[in-house]
1. Using helices alone, I'd like the mean residue ellipticity at 222 nm for the chain: each DSSP H run of four-plus residues gives -39500 (n - 2.57), total over residue count, nearest 500.
2. Above 26 Å lies some portion of the pair distances; for the chain, what is it as a whole percent of all C-alpha pairs?
3. Given region 2-74, what whole percent of its Cα pairs are spread farther than 20 Å?
4. Sort out the exposed loop GluC sites (Glu not before Pro) in the chain (DSSP loop, at most 14 other Cβ within 10 Å) and tell me the longest stretch that has none.
5. Where in the chain are the DSSP H helices whose C-alpha atoms run 15 Å or more along the long axis and whose mean Kyte hydropathy is at least 1.0?
6. Taking the Cα-to-Cβ direction at Leu58 and at Arg2 and moving 7 Å from each Cα, how far apart do the two end points lie in nm?
7. Let me understand region 85-136 better: what is its radius of gyration from the alpha carbons, and its Dmax, in angstrom?
Amino acid sequence: MRTRVAVAVMTALLLLYVVLAGQRAIVLLTSGDGVGVAMGVALLVLPLLALWAIGRELWFGVRAQKLGETLDAEGALPHEEIEVRPSGRATRDDADLLFPAYRADVEAHPGDWRAWYRLGLAYDAAGDRRRARQAVRKAISLDAADRKR
């Protein structure tokens with residue numbers, strides 16, 4: 001729940017920034033000064049890029065959560081007991097021990113989004129966020145391809 005609140009706050013702050021930057025951009029664009037116009041264009045483009053990026057991340061989060069809920073409903077989420085830190089994060093040693101089984105599952109079933117999603121969870125538990133996101137993105141794309149069939 002805290003994550004959703006944080007995302008909502010960050011999104012609201014970004015929207016406030018976009019509105020304020022847009023107002024300044026209009027002032028600069030109407031200044032008639034070459035440098036002012038260039039800065040006005042930049043003030044319009046950069047917030048649009050930020051909106052695109054946050055929209056993309058929010059959409060990723062929604063789709064990843066949906067897959068996680070599907071796996072949970074199927075009883076297919078990882079269920080191993082591992083040691084966790086006081087923060088609730090898995091200890092790296094325990095997470096690293098579980099990783100080979102999930103990697104082998106992906107190698108055995110490369111077209112199964114469930115295997116890729118579980119691999120993403122294993123990467124996340126081991127602290128490798130970049131690979132975790134890649135694995136979950138692969139799971140999302142495989143699920144989307146399955147739905148089209």
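Every number in this text was worked out from the coordinates using simple rules, so none of it is lab data. None of the values given here were measured: they were computed from a predicted structure. Here the Cβ positions follow ideal geometry from the backbone for every residue, glycine too, while neighbour counts run over all protein chains shown.
1. So the helix-based figure for the chain works out to -28000 deg cm²/dmol.
2. More than 26 Å apart: 45 percent of the Cα pairs in the chain.
3. Looking at region 2-74, the distances longer than 20 Å represent 48 percent of pairs.
4. 1-79
5. 2-29
6. It is 2.3 nm.
7. Cα only, region 85-136: 10.9, 36 Å (Rg, Dmax).
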